[in-house]
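The values are calculated or read from the model by the stated rules, or taken from the named source; none is laboratory data. None of the values given here were measured: they were computed from a predicted structure. Here the Cβ positions follow ideal geometry from the backbone for every residue, glycine too, while neighbour counts run over all protein chains shown. Ligands, DNA and RNA are excluded from the accessible area calculation, which covers all protein heavy atoms including side chains. Shrake-Rupley method; radii C 1.70, N 1.55, O 1.52, S 1.80 Å.
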Amino acid sequence: MPTNPATESGDRSHAQPPVESVAQISALLLDTDPTLDPELARVARQAAAEGVVLLRNDGVLPLGAERSVAVFGRVQIDWFAVGYGSGGDVKVPYVWNLLAGLRDAGVQVDGEVADHYAAWTAANRPSYEGTWGQWPHHFPEMPLDADVVASAATRADTAVVVIGRAAGEARESVREPGSFYLTDDERTMLDLVTASFARTVVVIDAGNVMDLSWLDGYGERIGAVLYAWQGGMEGARAVAAVLAGEIAPSGKLTDTIALSYEDYPSAPYFGDPDVNVYAEDVFVGYRYFETFAQDRVQFPFGFGLGYAAFDVTVVEATTDAATSDAAPVRVTVEVRNTDATFSGKETVQAYVAAPDGRLGKPARSLAAFAKTRLLAPGESERLTLEFRLADVASYDDSGVTGHRSAFVLEPGDHGVFVGTDVRSASLALTVPIDDLRVVRQVAEAAAAREPFSRMTLARDASGAAVVAWEDVPLAAVDRRERVLAGLPAEIPMTGDRGITLDDVAGGTATLDDFIAQLTAEELSLLARGDVTMHSPLGAPGNAGVLGGVSESLRAKGVPPITTTDGPSGLRLSAYASLLPSGTALASTWNAPLVRELAALHGQEMLQKGSDVLLSPGMNIHRDPLCGRNFEYFSEDPLVTGRFGAAIVQGVQSVGVSACPKHFAANNQETNRTRNDSRVSERALREIYLRGFELCVAEAEPRTIMTSYNKVNGVWSHYHHDLVTTILRDEWGYTGCVITDWWMEDAVDPDFPALEDNAYRVRAQVDVLMPGGVKTADGPQAYADETILQSLARPDGLTIGELQRGARNVLGLALALAPVLGRRTDA
Ligand code: BGC
């Protein structure tokens, strides 16, 4: 069985100091069993296959069993199953490659070409040398001899050319051949193959969108193009099943593929090491292209072909939204497979076009989507797409509509467009709104602190949309006052009364009774995890442990809670399944399928000893170069929110916890722990926070992870506005918030008596993960004293705040109690 090159890399984790000697209380042994759940593998394969996006097909696909196929490109063997870093670093016992997958699918693969590649790749193994973050974006291609190709064309009638790319954590995709662009060798390969073969299929195995402008140069010589994404251990086999026609392709793009990198509105700003100005504002992805630059799109958002052809008819489109905010817009469509031969699934999408007003609006915003079951030729299905106009309301962060800090619908016709991609969606319904409506009034939070110009919409004399610029509204709220107004009351401390957490679980004591017993030191221990990754308190290879990190806490029944990465599989010393990446999963547009896979993944967590999965990755694909795009879902917040929710629901359905990350605006890897994401409050609320908001509302994650970067000058792990004002007070989130791994030192500018961990706890970022100090020499295996020091200072942290954080951590422990209890019993 092919192995996974991605897991052969030397550095499997962050540099680690030696583990402190704490009693090992985990009953789990190092799991050396490579057996995986076959049902999980089956569903993972189905999801990987449904995530494959067929961008072009002149009839060359499916290959079928009768055609002979010559496969070119070393990636057929050295397949990229996942991206790099914590999100892909799984000890997976097997990974299919495409060559093996095609043979498994019964495709007649040309043996001579295959042997040639097998021999060459065996002699030229991919190199993963280097440290964390230096992984290869591509593998140098096998030099291809024109005679080899010409002779293959006498034996096989179809060529498949495979091109592969990877990026990852601390490893952006770059504007160079071998990353965003083709290499000369890859061009030569395409030239030779398309010169000899009448039928050529291109497979892109990549985590990020890469440049595809070269496709046009080859014109009809390339008959079919599949964007395969990175589908995990079963991914290549899934792609093979799609190529062979065993599984019908039904994936749709969750990002726009533009004609060139420079066309993306983030391009002038992305990658700055210090400051990342989100000047394009809400005009991210298709919201920009459909409004201002339709002609710069090669493949639109939402696009993807099947082997079947579908007729989509709007049967009914109704709403009372003109008179009532709460009224849903309902569009019922009939989807009919008009093909005589092929079965398939189709995804129908509804977009809203909000009218021009005082706020610049994108020409389209996705409001709902639904996917059919597998439809046989001639079969049809009715789908109902439902949403509220309020869900796509605009946020007024300047007061230009007269309603500052409110979500509003401006007067005018709201068009509802329905179709199978953003470009071809057509008008199904118009909802007139007579007067401006405030659909939700909130409080200003996390607004920009440094001036910059942001994009907005204007109209030229002909009425065409043109880019205009305006000053970003700046923060006006007094943070010190806001924080002081929200300080919690202290629960009078009682000292130890013998109440255990089990008593709370059993209903014989309240959580507050339990918390009242905890000393300041115990409270401060709940506010940080065990001091290292790979904590001896959890399953070997864990990312960190929180909760019962001391003897005294464990004696009171607080269990150690084990976290593991996420998202594409469990990162442990034990063998685990490697799942399709986030983009691949979202490209299925099949949330129930992803929920089913996540539930099976939750079962694997139970088996391997993971309580909190550091997943889903929910940052927006703002720019195609972001190294971690493979972990994330889409440029669109609805897609992001729905798939984030599907994963959380699936994982948590078996009793463990998911942990959506990275909250928020972690959209580039370059200098990620120091970079400042400067972004308007409007763009935050409509784009970058929206997916998290949906996920919290629909799936109630028990844990959320902050991001490394700053948001408008404040590191997310200190961001009171983000975590307290928005996440907790506005959205009603009651779970536990943890940091991304370690944090940056800082003193609270409004409360100088609070530094580092005290500053963090005040923001209600409950737990530092792991709990050790980060110094210039890297993470250390000891904790700082900043919480206890601050408690002793005038105007310092209060016991009430520590107790509030403890409540969030203990709430997680109580929610996980059935799972943790089973483990202790075992
Ligand atoms: C990543 C997180 C990950 C954590 C633990 C960090 O570097 O940003 O996504 O969960 O490490 O491995």
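Tabulated data
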item	result
Relative contact order %, the stretch 352-407, counting alpha carbon pairs below 8 Å whose residues are six or more apart	29
Stokes-Einstein D (µm²/s) once Rh is taken as the Kirkwood radius of the stretch 51-255 over alpha-carbon pairs, at 10 °C in 1.306 mPa s	94
Heavy atoms of VAL747: accessible area, 1.4 Å probe, square angstrom to 10	80
Distance (nanometres) between label positions extended 7 Å along Cα→Cβ at ALA309 and ALA555	7.7
In the stretch 65-99, the trypsin sites (Lys or Arg not before Pro) that fall in loop regions by DSSP, at most 16 other Cβ within 10 Å	ARG67
Intensity falloff of the chain expressed as log10 I(q)/I(0), Debye formula with alpha-carbon point scatterers, at q = 0.05, 0.08, 0.10, 0.11 Å⁻¹	-0.26, -0.68, -1.05, -1.26
Residue-by-residue Karplus 3J(HN,Hα) for the stretch 648-662, coefficients 6.51, -1.76, 1.60, Hz, glycine and proline x	4, 4, x, 4, 6, 5, 9, x, 8, 10, 9, 8, x, 8, 10
For the stretch 420-476, accessible area per residue (1.4 Å probe, heavy atoms of protein chains only), Å²	51
Against the rule of thumb 2.2 N^0.38 Å, how large the Cα Rg of the stretch 316-470 comes out	1.24
Net lengthening on full extension, LEU474/GLU450 (0.36 nm per residue, minus Cα-Cα)	7.9 nm
Alpha carbon centroid spacing (whole Å) that separates the stretch 403-425 from the stretch 639-673	26
Cβ-derived FRET efficiency at R0 41 Å, THR775 paired with GLN607, nearest 0.05	0.65
Rounded FRET efficiency, nearest 0.05, which uses the C-beta distance separating ALA376 from ASP795 and R0 of 51 Å	0.10
Cα-only radius of gyration and Dmax that characterise the stretch 518-557, units Å	10.2, 31
Residue-averaged 222 nm ellipticity for the chain, from DSSP H runs of 4+ at -39500 (n - 2.57), nearest 500	-7000 deg cm²/dmol
Residues of the stretch 511-554 with amide N under 17 Å of a point placed 7 Å along Cα→Cβ from ASP496	514-526, 548-554
Relative packing of 77-84, 695-702, which averages over residues the other C-beta atoms within 10 Å, highest first	77-84, 695-702
Taking the stretch 638-786 and dividing mean pair separation by its residue count, relative contact order in percent (alpha carbons under 8 Å, at least six apart)	21
Accessible area per residue in Å² at 1.4 Å probe, computed on the stretch 51-255	30
Tilt relative to the chain, helix 146-155 - C-alpha long axis, 0 to 90 degrees, to 10	70
Between 0 and 90°, nearest 10: helix 184-196 axis offset from the chain longest Cα axis	30
Mean separation of Cα contacts under 8 Å (6+ apart) over length of the stretch 288-398, as relative contact order %	28
Descending semi-axes in Å of the stretch 777-824, equivalent ellipsoid built from Cα gyration tensor	29, 19, 7
Gyration tensor verdict on the stretch 495-825 (Cα atoms; rounded if a/c is under 1.5, prolate if a/b is larger than b/c, oblate otherwise)	oblate
Probe 1.4 Å, accessible area per residue of the stretch 495-825, Å²	24
Fraction of accessible area attributable to carbon and sulfur, the chain (%, probe 1.4 Å)	49
Over 23 Å (Cα to Cα) - which of LYS252/LYS608; LYS361/LYS710; LYS361/LYS661; LYS661/LYS774 fall in this group	LYS252/LYS608; LYS361/LYS710; LYS361/LYS661
Computed FRET value (nearest 0.05) for THR508 with THR338, which takes r as the C-beta separation and R₀ as 56 Å	0.30
